[in-house]
1. Scan region 1-40 residue by residue and report those that are part of a helix (DSSP H, G or I), touching a His at 6+ places or on another chain (Cβ under 9 Å) and open to solvent by less than 10 Å² (accessible area, probe 1.4 Å).
2. Residues of region 199-217 being part of a helix (DSSP H, G or I) and buried (at least 18 other Cβ atoms within 10 Å of the Cβ), which ones?
3. Take the residues in region 139-195 that are in a helix (DSSP H, G or I) and polar (S, T, N, Q); name whichever of them is most open to solvent (accessible area, probe 1.4 Å).
4. Any chance region 92-114 includes a residue that's open to solvent by 20 Å² or more (accessible area, probe 1.4 Å), of a type outside the set (A, V, I, L, M, F, W, C) and touching a strand residue (DSSP E or B) at 6+ places or on another chain (Cβ under 7 Å)?
5. Name the residue, out of Asp172, Asp210, Asp168, that is without any contact (Cβ under 8 Å) to a residue 12 or more places away in the chain and not polar (S, T, N, Q).
6. Can you name every residue in region 52-83 that is part of a loop (DSSP other than H, G, I, E, B) and among the acidic types (Asp, Glu)?
7. May I ask you to list the residues in region 84-129 that are among the hydroxyl-bearing types (Ser, Thr, Tyr) and in a loop (DSSP other than H, G, I, E, B)?
Amino acid sequence: MAKKLFDFIVFDWDGTLMDSTVTIVKCIQAAAKDLQLPVPDDAAAAHVIGLALADAMQAVLPDVDPKFYPKMVERYRYHYLVRDHELPLFPGVREMLTDLAQQGYFLAVATGKSRVGLNRAMNSVNVLSMFDATRCADETFSKPHPAMLQELTRELGQDMQRTLMIGDTTHDLLMAANAGASAVAVEYGAHEASLLATVPTLYSAKKVADLHQWLNENA
């Protein structure tokens, strides 16, 4: 059997493991509508997924009065909490995580979600016990700053050069590059394949089954 290249695999959450992109876009748009602000189109709203929530609201509506950003966060949370318990993992994710854990990889999540939000989501789909560590945007710097990966590798005693980051946005891929980790993109989440391709990666997966197969053959 070939020697593994990686010991530690870190996943983004929304749009990578959980099928939540469309819901997040609709909640951002609903928040803007509530406050009678310009409603961002689908592409603009999807682009900021993965950033810390306050950063995302500033990025998606850069030209509004800054006093509206805390209100946008509040309205977004209202809309999202109504729907988040209904959100599923992408097909094949649970099986992939189980397989990777059985092969001895350390597994973690690095997400733009809050700690409360991630714990709710992980509990709703019953995967909390599958991960060795998690890091959220309200605990450290937002992506693409390397802090999440730096903190996770320190916490688990892992080597950054044997760490692989997997995500659906350029924020994830740039965080990996900034930290000195390797990266794999997934094309079924928030950012288009053409945008993901602007950041160097080892592989770009069209669906979870492709990602699972690539990890088994190459990681």
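The values are calculated or read from the model by the stated rules, or taken from the named source; none is laboratory data. Because the structure is predicted, anything quoted here is derived from the model rather than measured. With ideal geometry, Cβ positions are generated from the backbone for all residues, glycine too; neighbour counts draw on all protein chains shown. All accessible areas refer to the heavy atoms of the entire protein, side chains included, with ligands and DNA or RNA removed. Shrake-Rupley method; radii C 1.70, N 1.55, O 1.52, S 1.80 Å.
1. The answer is Cys27, Ile28, Ala31.
2. Taking region 199-217 as the starting set, the residues that turn out to be part of a helix (DSSP H, G or I) are 208-217.
Selection gives Val208, Leu211, His212, Leu215.
3. Filtering region 139-195 for residues that are in a helix (DSSP H, G or I) and polar (S, T, N, Q), the one most open to solvent (accessible area, probe 1.4 Å) comes out as Gln161.
4. So in region 92-114, the residues open to solvent by 20 Å² or more (accessible area, probe 1.4 Å) come out as 92, 94-95, 98-99, 101-104, 106, 113-114.
Restricting the remaining residues to those that are of a type outside the set (A, V, I, L, M, F, W, C) gives 92, 94-95, 98-99, 102-104, 113-114.
After this cut, where a residue has to be touching a strand residue (DSSP E or B) at 6+ places or on another chain (Cβ under 7 Å) as well, the list is 113-114.
Yes: one or more hits.
5. On the way: Asp172 fails: without any contact (Cβ under 8 Å) to a residue 12 or more places away in the chain; Asp168 fails: without any contact (Cβ under 8 Å) to a residue 12 or more places away in the chain.
Just a single option satisfies the conditions, and that option is Asp210.
6. As a first pass, look at region 52-83 and keep what is part of a loop (DSSP other than H, G, I, E, B): 52, 61-67.
Residues satisfying the conditions are Asp63, Asp65.
7. Residues of region 84-129 among the hydroxyl-bearing types (Ser, Thr, Tyr): 98, 105, 111, 114, 124, 129.
Tyr105, Ser114 - these are the residues of region 84-129 that are among the hydroxyl-bearing types (Ser, Thr, Tyr) and in a loop (DSSP other than H, G, I, E, B).
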